[in-house]
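Taking it in order: structure first as structure tokens, then the write-up.
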Amino acid sequence: MFIRVGGVMQRAYEVPRFGTSPDALSSIDTDLVAIPVFQGDHAALHDVDAAAGGEVVAAFERGEFTGKTCELLTLTVTGWRARRVLLVGAGERRQMSAERARRVGASVTI
């Protein structure tokens, strides 16, 4: 699952448009792709890590990003239609709930 932020630049007073897509992350034409990440689960981000030049694994190893709830990490990627990716911590997988999903989604800002 991921959240796509609309491909058109928003005015400061407009609410950003969000959407979801079943397409491959690398093929989505948008300004920013936000990806929820469960705590300690960087293995699922192999494609993102490759596009970010190894920065995903490096951030986990440095403790800069762990996947804790609402933790954010912005990356620049190459070879994708979107140039930026936002990893959003979703906490521990076993503790996921509708309320946590709302909080994780609400933490995505531009």
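The values are calculated or read from the model by the stated rules, or taken from the named source; none is laboratory data. All figures in this text were calculated on a predicted structure; none of them were measured in a lab. A quick note on method: Cβ atoms are made from the backbone with ideal geometry, for glycine too, and the neighbour counts reach across all protein chains shown. Only protein heavy atoms, including side chains, enter the accessible area calculation; ligands, DNA and RNA are left aside. Shrake-Rupley method; radii C 1.70, N 1.55, O 1.52, S 1.80 Å.
What are the residues in segment 69-93 that are under 17 Å from Ala24 (Cβ atoms) and part of a loop (DSSP other than H, G, I, E, B), if any?
Val77, Thr78, Gly79, Trp80, Arg81, Ala82, Arg83
Tell me which residues, restricted to segment 36-68, are closer than 18 Å to Ser26 by Cβ, touching a residue at least 24 places away in the same chain (Cβ under 8 Å) and in a loop (DSSP other than H, G, I, E, B).
Ala52, Gly53
Specify the residue that is farthest from the chain's Cα centre (by Cα); the eligible residues are those in segment 44-86 that are among the aliphatic types (A, V, I, L, M) and under 23 Å from Ser97 (Cβ atoms).
Here is the first cut: in segment 44-86, the ones among the aliphatic types (A, V, I, L, M) are 44-45, 48, 50-52, 56-59, 72-73, 75, 77, 82, 85-86.
After this cut, where a residue has to be under 23 Å from Ser97 (Cβ atoms) as well, the list is 44-45, 72-73, 86.
Numbers: Ala44: 12, Leu45: 10, Leu72: 8, Leu73: 8, Leu86: 4 Å.
Looking at the filtered set, the residue picked out is Ala44.
Does segment 73-85 contain at least one residue that is touching a Cys at 6+ places or on another chain (Cβ under 7 Å) and open to solvent by less than 40 Å² (accessible area, probe 1.4 Å)?
Step one: filter segment 73-85 for residues touching a Cys at 6+ places or on another chain (Cβ under 7 Å), giving none.
No, because not a single residue in segment 73-85 is touching a Cys at 6+ places or on another chain (Cβ under 7 Å) and open to solvent by less than 40 Å² (accessible area, probe 1.4 Å).
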